[in-house]
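What follows is a single structure, written as structure tokens, with notes after it.
Where a number appears in this text, it was derived from the coordinates with a stated rule and is not lab data. All of these numbers come straight from a predicted model, not from anything done at the bench. All Cβ positions, even for glycine, are placed from backbone atoms using ideal geometry, and neighbour counts span all protein chains on display.
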Amino acid sequence: MTESNAPKPGSPKPGSPKPGAAKPGAAKTGAPKPGPASAHASHATTTSDPSLFGRVDDDGTAWVKTADGERQIGSWQAGDAAEGLAHFGRRYDDLATEVGLLEARLASGAGDPKKTRTAAEALLETLPTAAVIGDIDALGTRLSAIIEGSEQAATQAKQEKERSRQEQTSRKETLAAEAEQLGNESTQWKTAGDRLREILDEWKTLRGVDRKTDDALWKRFSKAREAFNRRRGTHFAELDRDRATAKTRKEELVVRAEALATSTEWGPTAGEFRDLLAEWKAAGRAPREADDALWRRFKEAQDVFFAARNSAASERDAEFAENAVAKEELLATAGSIDPDKDIEGARAALRDLQEKWDAIGKVPRERMHDLEGKLRVIEKRVRDAADSEWRRTDPEALARAAQFRERVAQFEDQAAKATAAGKTKDAEKALAQAKQWREWADAAEGAVNEL
């Protein structure tokens, strides 16, 4: 078989109809009508009747009919005219299949509209010289529809991309504003820290923001997070300084109390001890272990003094007996102290009880242990409740847990960057470290919650 665009000698001129054949461009019974691209999607899997759109002469010259007239498309020498007609018809069917595939791709919305348009334009350019027999005009109409539809799809895709970009940008602006509010104002250190980590996690899922805007928003978020961390660090540093100051102050009070422990100026010295106790309460809380140890020293000094005063004042046994009665009555009123219901109220009531207790004075030695024991029970119940409350809200433990969470966020960020850079091993290593720090953070928070 050979194909040539040059007509053979003696063959009809291009555009001249074969005797008895329909005029070029004339409508034929059963011939498909041009229509939108979607109306021809089924052409990709059907075959056409080439005899409706062309012929192969007895000498092998092949012709195709279009709206512009009849043109020679080649020569068939590999068999009779019917075989040649079928051959050029199959070539048309192959071309129609390509057009159908482009229609299907455009209809599905799965492909790139620009690539679909380029392919359709390339096929459309080949139609005037295509060596096929079939409804070329219909293919041209379908390809034009594909080109037009591709332009519309590309415009729609661009609009959708812009809408998505605006939504993602708006969301990041909202998150950045929230982070700035937390970074500049919040004093709920744990809650705000957790929320900033949640914002960071959501931030990583937002895509499509233009680089310049994204960088500017990230700087806002990063600056807000740094401001929050600085304020939080300053807060806990101040707490540490306050505890250190309280410790120094209480150490001074203990020294003064121990100096008074051997005094025999019973009245004035008892007043000084009461003043020392008031100063002790006003000094604030030192670190727990140091505070407990200093209190024991202070109380021991106080007890030494009052024990000596009681020993030296045996002649005041009658007064001591009255004191014992008064303390029994005071203890009777202590039943209303319930730290489980109101810890601050219980502590205030206990302070009042202790002040009244000290103001009453000493009791007979044989009654001292019993009365003091009952007071110690009340003091211990309130102190234990206060210690439990303090441990449950211990800022040091909460700070440690927050620091562990920060480390988790840092390693997860490293993992994300390593993944984006294709560094799988680095990403796996960072994720493993994040997992370890998360376990430590969970343990630290769990220890606080258990208390």
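At 0.36 nm per residue, and after removing the present C-alpha to C-alpha distance, how many nm does the segment from residue 383 to residue 115 gain when stretched out fully?
Extra length from residue 383 to residue 115 when fully extended: 88.7 nm.
Magnitude of the Cβ-charge dipole of the chain, K/R +1 and D/E -1, about the Cα centre, nearest 20 debye?
1160 debye
Net charge around residue 430, counting only other residues with Cβ within less than 12 Å of its Cβ (Lys, Arg = +1; Asp, Glu = -1)?
Local net charge: +2.
Relative contact order for region 213-337: what percent, with Cα pairs under 8 Å and sequence separation of 6 or more?
30 percent
Which value in nm describes the separation of the simple spin-label points at residue 290 and residue 436, placed 7 Å from the Cα toward the beta carbon?
In this crude spin-label approximation the distance works out to 3.2 nm.
Given only helices, namely DSSP H runs of n ≥ 4 each adding -39500 (n - 2.57), what is the per-residue ellipticity at 222 nm of the chain, to the nearest 500 deg cm²/dmol?
-25000 deg cm²/dmol
Specify the angular offset, from 0 to 90 degrees and rounded to the nearest 10, of the alpha carbon long axis of helix 395-420 from the longest principal axis of the alpha carbons in the chain.
20 degrees
Please give me the summed charge of the neighbours of residue 277: other residues whose Cβ is under 11 Å from its Cβ, Lys and Arg +1, Asp and Glu -1.
Result for the local shell: -1.
Can you compute the equivalent ellipsoid semi-axes for the chain, i.e. the square root of 5 times each eigenvalue of the Cα gyration tensor, sorted largest first and rounded to whole Å?
So the three semi-axes of the chain are 104, 19, 17 Å.
Defining a contact as two alpha carbons under 8 Å apart and six or more residues distant in sequence, what relative contact order in percent does the chain show?
Here the relative contact order equals 10 percent.
Provide the per-residue ³J(HN,Hα) series for region 260-265, in order, calculated from phi with Karplus coefficients 6.51, -1.76, 1.60 and θ = phi - 60°, each as a whole number of Hz, with x at glycine and proline positions.
Couplings: 7, 4, 9, 5, 10, 7 Hz.
Taking H as built 1.01 Å from N, whose amide H comes closer than 5 Å to the amide H of residue 61, not counting residues under 5 places away?
Result for residue 61 returns 76.
Cα axis of helix 343-360 to longest principal axis of the chain: angle in degrees, 0 to 90, nearest 10?
It is inclined by approximately 10 degrees.
Once the Cα atoms of helix 136-185 and of the chain are each reduced to a long axis, what angle between those two axes, in degrees from 0 to 90 to the nearest 10, is obtained?
Roughly 10 degrees, rounded to the nearest 10.
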